[in-house]
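Each remark here refers to the structure printed beneath this line.
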Amino acid sequence: MLKSKISKSKILNSLLSCLLASLLLVNHSVKAETWKFEISPYLWLVNQQGQTGYVDENGIPVVVDMDMSFSEIFENLDGAALLNFQANKADWQFWIDLVYMKLKYETKTDFASAELTAKQKMLDIVAAYRFSNETNNQWYGYAGVRAIDISNSLEVRFLELNRKPNFGDDWYDPLIGIKNKWSFTEGFYLISRADIGGFGVGSDFSWGLNFTMNQDLSENWALKYSFRYLDIDYDDNDFIFDMASSGFGLGITYQF
């Protein structure tokens, strides 16, 4: 398989080198323009549906079905951090997006009850170029890397037996996408994004959609109302993660 032949560190280093080269190119080629920055902590009212699990030492899959609403996730949330940072210069944009969640909840496998402790970390590092710039409508193409780290601890109880396997994995997904900015009235604009990734390098395939309404409050402050959907299908190193995450979001942005 392709992903077994390619070193994760080599993939990450290559993608980060390309992003760094783009950043240096922008800095030298558009010196007349100034950098503009945004930092946005936010909440994601996420729902998750899918499966996660592992293959045990006997080659038997142990799979946990997940179907959790935001209220269930919030009830079982044991820690979270969500942050977006963006840099803009002329036709170029760069952004970093961090999602971290730690959950604890009771669930069931086919043959036993279980308590699952799940840590999910996701970091997007992206470069975008504006290829169309009309008065109220702008289009960008973008590419980057998504680093994903899933760490699970499953306490399985079956009659008098009690097992506590740990399972998870980390991987890097290349991603490509398209972004639109539509300014439909003064102080309001809509950001729409769609991307695909993985391609067997990290996950088998992933795809996502993001819609964010921005409301300017002042020169430096804005509110963000968003909806995000992300589907990741990963099956490697005896670890299974086939998960769809979706939900509305709310954030506040400081621009400088």
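Sequentially through region 47-63, phi angles give Karplus couplings (6.51, -1.76, 1.60; θ = phi - 60°) of 10, 10, 9, x, 9, 9, x, 8, 9, 6, 5, 9, x, 9, x, 10, 10 Hz, Gly and Pro residues having no value and appearing as x. Quick check: the distance between the Cα centres of region 151-178 and region 227-243, to the nearest angstrom? After rounding, the separation between the Cα centres reads 11 Å. A Förster distance of 30 Å, applied to the separation of the beta-carbon atoms of K119 and W221, puts the FRET efficiency at 0.40. From the phi of every residue in region 220-237, what ³J(HN,Hα) in whole Hz does the Karplus formula 6.51 cos²θ - 1.76 cosθ + 1.60 yield, where θ is phi - 60° and glycine or proline is x? Values, residue by residue: 10, 10, 8, 9, 10, 10, 9, 9, 9, 10, 9, 10, 10, 10, 10, 8, 6, 6 Hz. Around the amide H of D56, modelled in the peptide plane, lie the amide H atoms of V62, all under 5 Å away and 5 or more residues distant in sequence or on another chain.
The fraction of Cα-Cα pairs per 10 angstrom bin, counted from 0 for region 101-212, comes to 12, 29, 24, 18, 11, 5, 1 percent, rounded to whole percents.
Summarising the amide proton neighbourhood of Y234: residues at separation of 5 or more, or on other chains, whose placed amide H is nearer than 5 Å comprise D204, F241, D242, M243.
FRET efficiency for the E33 to I196 pair, using the beta carbon distance and R₀ = 41 Å, is estimated at 0.85. Binning all Cα-Cα separations of region 35-161 at 10 Å, short to long from zero, yields these whole-percent fractions: 10, 32, 25, 18, 11, 4, 1. Between D65 and A81, the contour length at 0.36 nm per residue exceeds the alpha carbon distance by 3.3 nm.
Sorted on the mean count of surrounding Cβ atoms within 10 Å across their residues, most packed first, peptides 192-198, 55-61 read 192-198, 55-61. Couplings 3J(HN,Hα) for region 197-214, derived from phi with the Karplus relation 6.51 cos²θ - 1.76 cosθ + 1.60 (θ = phi - 60°), are x, x, 6, x, 6, x, 6, 5, 6, 9, 8, x, 10, 8, 10, 10, 8, 10 Hz, where x marks Gly and Pro. Once the 1.4 Å probe is applied to the protein heavy atoms, region 100-256 comes out at 50 Å² accessible per residue.
The values are calculated or read from the model by the stated rules, or taken from the named source; none is laboratory data. This is a predicted model, so every value here is computed, not measured. Here the Cβ is made from the backbone with ideal geometry for all residues, glycine too, and neighbour counts use every protein chain on show. These accessible areas exclude ligands, DNA and RNA; they are computed on the full protein's heavy atoms, side chains included. Shrake-Rupley method; radii C 1.70, N 1.55, O 1.52, S 1.80 Å.
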